[in-house]
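Take a look at the structure set out below.
The values are calculated or read from the model by the stated rules, or taken from the named source; none is laboratory data. This structure is a prediction, so every number in the text was calculated from the model and none was measured. Glycine also receives a Cβ, built like all others from the backbone with ideal geometry; neighbour counts cover every protein chain displayed. SASA here: full protein model, heavy atoms, side chains in, ligands and nucleic acids out. Shrake-Rupley method; radii C 1.70, N 1.55, O 1.52, S 1.80 Å.
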Amino acid sequence: MTSDAETAPSSSALGGRLLTLTVGPPAAGGTFVARHEGRVVFVRGTTPGETVTARLLEDPEERANARFWRAEALDVLEAGPDRAPSVWEEAGIDGVGGAEWAHIALPAQRRIATEVMQELLRRAGVTSFPIEQVQVEPAPHDAEGLAWRTRVRYAVDADGRVGMRGWRSHEVRPVGADPLSAQAIRDLQLGEWTAPEGTEAIDAVAPSAGPASVVLIGRELDPSAVVIPETWGDADVSVRTGRGLVPLRGDGLVHERLGERMFAVSATGFWQSHRRAAELLSEVVESTLRAPHGGSAWDLYGGVGVFSAVAARQVGDDGSVVSVEGNRRASQIAAENLEDLPQVSTATADVTDWVRARRGGVDTVVLDPPRSGAGTELMDLLAAAVRQRIVYVSCEPSTLARDLAAIEKKGWHIADLRAFDLFPHTHHIESVAVLERVSA
Ligand SMILES: C[S@@+](CC[C@H](N)C(=O)[O-])C[C@H]1O[C@@H](n2cnc3c(N)ncnc32)[C@H](O)[C@@H]1O
């Protein structure tokens with residue numbers, strides 16, 4: 001599978017040549033494979049089995065020798081069986097990005113994501129797990145895949161209009177009904193509001209505890225120019241300028257409840273976006289990590305300490321857990337969130353540098369890297385340092401597949417691999433791999 005590169009010019013800048021294409025299987029990146037005169041064309045905005053009129057995103061003369069072209073479907077000439085009325089009219093070609101599968105029936109999205117995930121694992125050369133067993137599962141209680149996004153970044157144009165950017169486009173477009181956002185975010189009605197001069201983006205958060213949060217972002221934004229509209233109710237409001245975060249209402253933190261425990265998170269910091277994700281992933285880590293009582297665990301890419309809390313319960317008061325996180329503020333907040341757990345310590349560091357500097361090993365590791373994945377060096381270091389189990393939480397199957405293939409070569413095998421639809425109506429997939437030493 002070839003992933004479509006991130007460098008294509010925006011479609012609106014091109015007005016490219018039109019082709020009639022018959023669309024085949026999915027490719028990585030949310031696109032589908034068609035062929036034109038023998039050449040592969042990656043098409044977005046379509047579904048397998050349909051015939052579309054598609055606009056080329058390349059100049060065919062300039063890319064005459066290219067192995068593949070990219071295109072986007074403008075008209076459906078013959079619909080495929082997976083096409084459904086879009087859940088978000090304003091999303092899609094020439095609309096807002098971030099819901100590129102809104103026109104595909106939800107069960108079909110999961111089947112297609114499963115095909116993509118299995119193919120990525122095959123192509124990476126993963127051998128220690130029956131790949132056909134990996135199936136993308138829905139998040140619990142998520143029948144329609146709507147109102148799940150608790151973290152939304154809106155874009156703002158030069159006139160202060162709030163919307164979202166088109167796919168690979170700088171244009172800010174209206175969000176309309178915004179159906180993937182949590183209700184508390186839609187209630188803010190940001191699409192109806194005009195942002196003050198200098199606002200470049202807005203982060204809206206709907207946490208599971210406490211009020212919603214709005215952060216206006218702009219290097220030169222003047223906090224005194226912000227007039228909070230009534231539609232924001234009791235939402236916390238901050239401004240993030242080039243000089244840092246200035247809370248106007250609240251303290252710049254949001255609060256998340258996970259079982260009995262509360263977690264503070266910076267209003268612009270990382271927390272899983274799907275409203276069920278943190279709970280679901282914590283349960284999966286809880287049931288798979290098996291950190292030994294009195295033993296040791298590392299929570300790598302630890303954020304504000306979600307999985308450290310799980311590991312701390314397992315190792316108990318006599319064990320030890322280190323949460324390693326690169327973002328200083330997140331690391332500080334993790335220490336505060338977990339201050340009642342003396343077995344947990346935090347380190348602010350690049351994960352690979354930190355692991356490379358360790359002497360002696362560790363019983364278990366949970367790692368949850370960004371989309372770029374852990375990388376081969378870190379997988380090699382972990383293969384040598386970890387005595388029992390590694391639980392790898394991933395939001396990007398292509399880098400997960402690469403990293404799993406790397407650690408298999410070091411004498412580890414995959415004991416379990418699950419995938420979850422935590423980003424409905426997009427092509428993104430969350431997954432959790434459980435790794436054990438072959439000799440264990
Ligand atoms: C996917 S988030 C996971 C956070 C946490 N496990 C959770 O579930 O809330 C990835 C985290 O890794 C951090 N990060 C990214 N690159 C890093 C690196 N090279 N070293 C340390 N931390 C890093 C980010 O700041 C972010 O908090």
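Applying the criterion of at least 1 residues that are touching a residue at least 12 places away in the same chain (Cβ under 8 Å), of a type in the set (D, E, K, R) and under 30 Å from residue 261 (Cβ atoms) to the strands (runs of 3 or more DSSP E) found wholly in the stretch 151-208 leaves 151-156, 201-205.
Can we say residue 59 is open to solvent by 70 Å² or more (accessible area, probe 1.4 Å) and outside the structural domain of residue 424 (by TED's automatic domain parsing)? Walk me through how you get there before you give the answer.
Details: open to solvent by 70 Å² or more (accessible area, probe 1.4 Å): no; outside the structural domain of residue 424 (by TED's automatic domain parsing): yes.
Taking the combined requirement at face value, the residue does not satisfy it.
One residue stands out among those in the stretch 11-32 that are surrounded by 18 or more Cβ atoms within 10 Å (Cβ to Cβ) and within 14 Å of residue 113 (Cα to Cα): the one that is modelled with the lowest pLDDT, which is 28. For the stretch 46-68, the criterion of being of a type outside the set (A, V, I, L, M, F, W, C), in contact (Cβ under 8 Å) with a residue 60 or more places away in the chain and in contact with a His (Cβ under 8 Å, 6 or more places away or on another chain) is met by at least one residue.
Against the condition closer than 18 Å to residue 73 by Cα, out of contact with any Cys (no Cβ under 7 Å at 6 or more places or on another chain) and in contact (Cβ under 8 Å) with a residue 60 or more places away in the chain, how does residue 133 come out, does it pass? For residue 133, the condition - closer than 18 Å to residue 73 by Cα, out of contact with any Cys (no Cβ under 7 Å at 6 or more places or on another chain) and in contact (Cβ under 8 Å) with a residue 60 or more places away in the chain - is not met.
Within the stretch 183-237, if we keep just the residues that are of a type in the set (Gly, Ala, Ser) and open to solvent by 40 Å² or more (accessible area, probe 1.4 Å), the residue that is nearest to residue 172 (Cα to Cα) turns out to be 191.
Specify which of the listed residues (366, 351, 304, 315) is near the ligand (Cβ under 10 Å from one of its atoms) and touching a Pro at 6+ places or on another chain (Cβ under 9 Å). Let's see the steps before the verdict.
On the way: 366 fails: touching a Pro at 6+ places or on another chain (Cβ under 9 Å); 304 fails: touching a Pro at 6+ places or on another chain (Cβ under 9 Å); 315 fails: near the ligand (Cβ under 10 Å from one of its atoms).
Exactly one of 366, 351, 304, 315 is near the ligand (Cβ under 10 Å from one of its atoms) and touching a Pro at 6+ places or on another chain (Cβ under 9 Å), namely 351.
Please tell me if residue 383 is of a type in the set (Gly, Ala, Ser), in the same structural domain as residue 423 (by TED's automatic domain parsing) and more than 14 Å from the ligand (Cβ to nearest atom). Yes; evaluated as a whole, the condition is true for this residue.
Residues of the stretch 130-172 that are among the aromatic types (Phe, Trp, Tyr) and modelled with pLDDT under 95: 167 alone. For the structure I just gave you, tell me whether residue 142 is more than 30 Å from residue 39 (Cα to Cα), of a type outside the set (Phe, Trp, Tyr), assigned to a loop (DSSP other than H, G, I, E, B) and open to solvent by less than 20 Å² (accessible area, probe 1.4 Å). Yes; evaluated as a whole, the condition is true for this residue.
The sole residue among 93, 104 that is crowded, with 17+ Cβ neighbours inside 10 Å, closer than 29 Å to residue 59 by Cα and out of contact with any Phe, Trp or Tyr (no Cβ under 9 Å at 6 or more places or on another chain) is 104. The combined condition, being open to solvent by less than 20 Å² (accessible area, probe 1.4 Å), away from the ligand (no atom under 11 Å from the Cβ), at pLDDT 95 or above and touching a strand residue (DSSP E or B) at 6+ places or on another chain (Cβ under 6 Å), is not fulfilled by residue 278.
Quick one: in the stretch 254-269, which of the residues that are closer than 15 Å to residue 202 by Cα and within 13 Å of the ligand (Cβ to nearest atom) is surrounded by the most Cβ atoms within 10 Å (Cβ to Cβ)? It would help to see each step written out before you state the result.
Quick first cut of the stretch 254-269, residues closer than 15 Å to residue 202 by Cα only: 266-269.
This time we only want the ones that are within 13 Å of the ligand (Cβ to nearest atom), so: 266, 268-269.
Working: 266: 21, 268: 18, 269: 19.
It comes out as 266.
Cβ separations smaller than 6 Å between residues 6+ apart or across chains give no pair from the stretch 313-326 residues that are outside the structural domain of residue 347 (by TED's automatic domain parsing) and on the phi < 0 side of the Ramachandran plot to residues that are among the hydroxyl-bearing types (Ser, Thr, Tyr) and part of a helix (DSSP H, G or I). Pairs are defined by a Cβ separation below 7 Å, a sequence spacing of at least 6 or placement on different chains, a first member in the stretch 370-395 that is of a type in the set (Asp, Glu), and a second member that is more than 14 Å from the ligand (Cβ to nearest atom) and open to solvent by 20 Å² or more (accessible area, probe 1.4 Å); the pairs so defined are 380/410. Taking the numbered list (1) within 13 Å of the ligand (Cβ to nearest atom); (2) among the hydroxyl-bearing types (Ser, Thr, Tyr); (3) touching a helix residue (DSSP H, G or I) at 6+ places or on another chain (Cβ under 9 Å) in turn, residue 273 passes all entries but (3). Scanning the stretch 418-440 for residues that are closer than 21 Å to residue 292 by Cα and open to solvent by less than 50 Å² (accessible area, probe 1.4 Å) yields 432, 433, 434, 435, 436.
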